[in-house]
Number of protein chains: 2
Amino acid sequence: MGDYKNMWENLDMDLDKHDILCSALPESFGEIYLTQKNRPESMNYFNYALAEVHGARIEELQKSKENGKKVVGTFCVFVPDEVIFAADAIGVGLCSGSQFWIEDGEKVLPRNLCPLVKAFVGAKISRTCPYFQSCNMLVGETTCDGKKKAYEILQEYMPIHVMDLPQMKKEKDFEQWQQEIKIFIKRMEELTQNKVTVKRLKEGIRLANRKRAVLKRLYDLRKNIPSPISGLDALLVSQVAFMDDPDRFITKTEQLCDELEERVKNQIPNTKKRIMITGTPMAIPNWKLHSIVEALDAEIVVEETCTGTRYFENQVSDKGNTLDELIKNIAQRYLNIHCACFTPNTGRMEDILEYVKEYKIDGVIYYNLSFCHTYAIEYKQVEKILKDKDIPLLNIETDYSEEDIGQIKTRIEAFLEMI
Amino acid sequence: MGDYKNMWENLDMDLDKHDILCSALPESFGEIYLTQKNRPESMNYFNYALAEVHGARIEELQKSKENGKKVVGTFCVFVPDEVIFAADAIGVGLCSGSQFWIEDGEKVLPRNLCPLVKAFVGAKISRTCPYFQSCNMLVGETTCDGKKKAYEILQEYMPIHVMDLPQMKKEKDFEQWQQEIKIFIKRMEELTQNKVTVKRLKEGIRLANRKRAVLKRLYDLRKNIPSPISGLDALLVSQVAFMDDPDRFITKTEQLCDELEERVKNQIPNTKKRIMITGTPMAIPNWKLHSIVEALDAEIVVEETCTGTRYFENQVSDKGNTLDELIKNIAQRYLNIHCACFTPNTGRMEDILEYVKEYKIDGVIYYNLSFCHTYAIEYKQVEKILKDKDIPLLNIETDYSEEDIGQIKTRIEAFLEMI
């Protein structure tokens, strides 16, 4: 990473603390990622993106801001990128995956709360995340109790707009979500002083669709036996997607997919167990579960998570000649994301069964961040549908700490032997 | 309690298990309640109501059902009683406050979940709660992640209608809540085959208002020094309110208030510390915190909880000549309940400060059921506003078990010495 001390200083960061964070990342990334054998050449870009995640990308954001652009931080796949693009702003995902931030998060939040929530609050209040420091506004949503209430604490530190996501999918909830998107558009227009026109919103929809399409292409390639890319690498691509410039991300991921397509032609089937992860998101640098699983005789070929399929499944139609029509299209796609925050959430059960077939899954690992009530309770339903089809399932509830790695490894070894 | 074996059998209850539950209650009630000195005579009715909570009241429900009435179970102060009354149905609160049900709840729910949620699910699946067994339908709401998802599990056992409560209080959220009330009315009409007319809804509003008014009268009496009624007794009255026939409850509580008014005339001020409880609800037979506090030199004079002020504050206007107008009035009152499920929830802060003055509070105890994220996170805000006014505050997070009673007692003793 280059010398960004001045930039970080200008962003009012806690430099000493940030140095500690930065010093740990390369080692852990090297151990987990760079020791993988036979990685695609095109992963070099994503290695670079990760190495420069607090450097070159932040520098880009500052340059864009100097040119009048606004940066908005988001925490959830429900916030429509289409609107952010249409307002000519930059969106960055602020979900945080490091144990480093937990201690600071716990200064203002209860300990028995989801690590992701504690980490993003800790990242802000410790001033050690340059993305938070670069944001002109945060965009929250009412997807879970933890996040919903944590935004009230963040609001003391910076402006935040919260979108009221309906908790059900009745007909009227789709209308209500359209209204929320309109309110969000208005807020983005105020922030950026750019008008969200039909033309711009269509362009935003197309850009977001292209981004989703390339991720879908990547995931489709993982359906091959063996997958031409490790679960770890695919996860890194998804994680970078939340931070990177969308056009560049699309180009680089297309290149990666081209290379993977070539690989597929010359592959010999392997006997590795094919694993699906289903559950809660994995934000940078949370590679804990993937690194454990793939150090054993198994490969993760799909993640039914918010940093997996829920991020890119289904497109937004760009058909329509009015803002209302386009907003309806956006609402339609987003409210059909099968998150456990909805009741009921039967669509997720259908997705999981579908992926089991499509990705030729040998076993499913239910990944639950500690204290995430919605996913923890939905486990019983997933257990039931998989039991009915005789698909092995393992439930892992964990946080970001390293204390339980040995225990999780033992459980996964036993699971792999069984399937 | 009389002999209700046949009735319980007809309700498909697990009689052996239910016997164990029933055998524990009188002893604990006797120890906590009947040892209180100088209780109001009129509390005899509430003693009786508690003693017959699984007996005489259930018998009444059966008789009403034989006469064609429907019984609906609710879990939350957001479900409008007005609608249930207008459909000529009977509403009963199913929130459960006993450790007895936790073990069964944990069979289908994660352990690290709010005890109230685990208890009500356990009560149903163990078939040991005659209220659940008497219900024709349950009415849930999307107030918290735990309840919202637990209803999906209950749905496997009986019909349930879930109301989608908005998570914010924007102008459009009031409209959305009116729509939800309309959907609820339709569902109640289907269930009961009774039309909810303007006349009936007005009568429902008036009955619910009378019930709220008498609770408000009781709480106003507690503003005296000393309070003419213990916190334990006031809590019991509130708890009975959720189960009892509303007309009889109103009559009996008016009688109690008459007696308390007489008491007030002849009282000598005491020096007991006046405590406010703020936080999560206390369902029957959860008397844990009150019994600890009032065994010391202190009296609980107000509960800013769902089994306290949130249940009765503010009335519904009965002005209006159309269903739409009345529904708007209902939506207005209910969406103005200051529950931590909303973001933001600044109204609660105002209420707490107001009650500190009105009830002449010496210290506040923040009562949080374990793993309740919304109230746990909101603690920081309550801490801040009380610190600004120099009002002592103690945070108690606990469940229904008896294990931490000693520790809580020690902390409260220290707290009372300090204030």
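Picking from A:D220, A:D245, A:D297, which is most flexible by a Gaussian network model of chain A using Cα springs under 10 Å?
Sorting by GNM fluctuation, first place goes to A:D297.
From the P(r) of the protein assembly as shown, could you give the percentage of C-alpha pairs in the tail past 40 Å? Mind showing how you got there, number by number?
Working: 141500 of 350703 pairs.
Considering the protein assembly as shown, 40 percent of its Cα-Cα pairs are separated by more than 40 Å.
Anyone know which of B:N345, B:N321, B:N329 comes out most mobile in the 10 Å Cα GNM of chain B?
In the Gaussian network model the winner is B:N321.
Out of the stretch B:107-169, which GluC sites (Glu not before Pro) are coil in DSSP terms and have no more than 13 other C-beta atoms within 10 Å? Walk me through the numbers before you get to the answer.
Numbers: sites: B:E141, B:E152, B:E156; in loops: B:E156.
Listed in order of number, the matching sites are B:E156.
Which of the residue pairs B:K265/B:K387; B:K216/B:K319; A:K169/B:K107; A:K5/A:K211; A:K202/B:K169; A:K107/A:K380 have a Cα-Cα distance greater than 24 Å in the structure shown?
Long pairs (Cα-Cα over 24 Å): B:K265/B:K387; A:K169/B:K107; A:K5/A:K211; A:K202/B:K169; A:K107/A:K380.
What are the label-to-label distances in nm, one decimal and shortest first, from A:A24 to the same spot in the other copies, with labels 7 Å along Cα to Cβ?
Here the equivalent label points are 4.2 nm apart from this one.
Work out the length of the dipole vector of the stretch A:293-346 about its Cα centre, built from +1 on the beta-carbon of each Lys and Arg and -1 on the beta-carbon of each Asp and Glu, and round it to the nearest 20 debye.
It comes to approximately 400 debye.
Hey, which aspartates and glutamates would be in cross-link range of B:K182, C-alpha to C-alpha under 13 Å, not counting anything within fewer than 8 residues on its own chain?
Partners found: B:E82, B:D164, B:E190, B:D324, B:E325.
If you plug each phi of the stretch B:221-227 into the Karplus form 6.51 cos²θ - 1.76 cosθ + 1.60 with θ = phi - 60°, what whole-Hz ³J(HN,Hα) values come out, in order, with x for Gly and Pro?
5, 5, 6, 5, 10, x, 5
Based on the alpha-carbon gyration tensor of the stretch B:277-419 and its eigenvalue square roots a ≥ b ≥ c, which shape applies: rounded if a/c is under 1.5, prolate if not and a/b is larger than b/c, or oblate?
prolate
In the stretch B:15-116, if every C-alpha pair distance is counted and binned at 5 Å from zero, what percent goes to each bin?
Binned Cα distances yield the sequence 2, 9, 14, 17, 19, 18, 14, 6, 1.
Once the principal axes of the Cα atoms of the stretch A:198-318 are found, what is the range along each, listed largest first in whole angstroms?
Principal axes ranked by extent give 51, 32, 21 Å for the Cα atoms.
When the helix-only estimate is applied to chain A (DSSP H runs of n ≥ 4, each -39,500 (n - 2.57), divided by the residue count), what is the mean residue ellipticity at 222 nm, nearest 500 deg cm²/dmol?
Per the formula, -16000 deg cm²/dmol.
At q = 0.12 Å⁻¹, what is the log10 ratio I(q)/I(0) for chain B, with the Debye formula run over Cα points and no solvent?
Values returned for q = 0.12 Å⁻¹ are -1.00.
Compute the distribution of all C-alpha to C-alpha distances in the stretch A:106-255, in bins of 5 Å from 0, and list the percent of pairs in each, rounded to whole numbers.
So the P(r) values, bin by bin, are 2, 7, 12, 14, 17, 18, 16, 10, 4, 1, 0.
What are the distances, in nm and sorted shortest first, from the label point of B:E325 to the label points of the same position in each other copy, with each label point placed 7 Å from Cα along the Cα-to-Cβ direction?
4.1
How far is B:N314 from itself in the other copies, in nm, if each label sits 7 Å out from Cα along the Cα-Cβ line, shortest first?
Spacings between copies for this position, smallest first, are 3.4 nm.
Find the centroid of the Cα atoms in the stretch B:48-72 and in the stretch A:83-100, then give the distance between the two in whole Å.
So the two Cα centres are separated by 55 Å.
Can you find, among A:M13, B:T322, B:T143, the residue farthest towards the positive end of the dipole of the protein assembly as shown? Put +1 on the C-beta of Lys and Arg, -1 on that of Asp and Glu.
Of the listed residues, the answer is B:T322.
Taking the alpha-carbon centroid of each part, what is the distance from the stretch B:248-323 to the stretch A:116-193 in angstrom?
One Cα centre to the other: 37 Å.
Throughout, read-outs are computed from the coordinates displayed, never taken from laboratory work. Please read all numbers here as calculations on a predicted model, not as lab measurements. Ideal geometry is used to build each Cβ from the backbone, glycine not excepted, and the neighbour counts take in all protein chains shown.
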